[in-house]
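**Q** Here you go, one structure.
Please treat every number below as a calculation from the coordinates, not as lab data. None of these values were measured; they are calculated from a predicted model. Here Cβ is always computed from backbone atoms with ideal geometry, including for glycine, and neighbour counts include all displayed protein chains.
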Amino acid sequence: MDNVRPIGDIIIVERLPAKERTALGIILPPIAQERPDAGIIRAVGPGKKLPKFSCSHCNKNHEEAVIPMTAKVGDTILFSKFANLPFKMNDKEYVTLREADVIGIVEDADTRTA
């Protein structure tokens with residue numbers, strides 16, 4: 001993902017692979033495998049940009065501001081099932097989503113990969 005730089009609050013995620021076996025060891029065919037709503041962040045934008053605005057409370061003009069991203073490259077995240085846009089690059093599947101569509105960051109060290 002070195003050649004793609006997201007803009008704004010866009011995150012590019014490599015989806016975690018689907019489970020090929022059930023907890024009991026039954027092998028699932030590809031059509032029965034459910035795509036997980038989790039992945040590893042491969043690229044993040046700089047953050048959401050807020051426009052210039054005039055404040056009616058203090059009568060000042062405020063400059064543009066950027067809300068920095070909470071998630072960072074290498075984080076394993078859970079995301080909303082329907083809020084992503086899939087694409088392929090270099091034979092890998094990725095999804096793009098906004099930071100607001102991230103449900104949470106997985107803190108378990110066993111599931112985290114960079």
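**Q** Quick check on my link table: of Lys48/Lys72; Lys19/Lys81; Lys49/Lys92, which ones sit more than 21 Å apart, alpha carbon to alpha carbon?
**A** Values: Lys48/Lys72 14 Å; Lys19/Lys81 17 Å; Lys49/Lys92 29 Å.
Distance filter (> 21 Å) returns Lys49/Lys92.
**Q** Within the chain, what is the longest stretch that has no trypsin sites (Lys or Arg not before Pro) placed in a DSSP loop and near at most 14 other beta-carbon atoms within 10 Å? Before the final figure, lay out each step's value.
**A** Working: sites that count: Lys19, Lys52, Lys60, Lys72, Lys81, Arg112.
In the chain, the maximal stretch lacking such sites is 20-51.
**Q** Turning to a different aspect of this structure: If I model a spin label at Ala83 and Leu24 as a point 7 Å from the Cα along the Cα→Cβ vector, what separation in nanometres do I get?
**A** 3.6
**Q** Ok, one more. Between Asn59 and Ala100, what length in nm is gained on full extension when 0.36 nm per residue of separation is reduced by their alpha carbon distance? Working shown, then result.
**A** Values: separation 41, 0.36 × 41 = 14.76 nm, distance 3.04 nm.
Contour length minus Cα-Cα distance gives 11.7 nm.
**Q** Could you check which residue among Ile67, Ile27, Ile77 shows the biggest mean-square fluctuation in a GNM of the chain with a 10 Å Cα cutoff?
**A** Largest GNM mean-square fluctuation: Ile27.
**Q** Could you put Ser56, Ser80 in order, starting from the residue whose Cβ has the fewest other Cβ atoms within 10 Å?
**A** Working: Ser56 7, Ser80 13.
Going from least to most buried by this count: Ser56, Ser80.
**Q** Mind checking the alpha-carbon convex hull of the stretch 10-105 and giving the volume per residue in Å³?
**A** Values: hull volume 12.7 nm³, N = 96.
Once divided by residue count, the hull of the stretch 10-105 is 132 Å³.
**Q** For the chain, modelled as a Gaussian network with Cα springs under 10 Å, which listed residue fluctuates most, Ile26, Ile103, Ile40?
**A** Result: Ile26 has the largest fluctuation of those listed.
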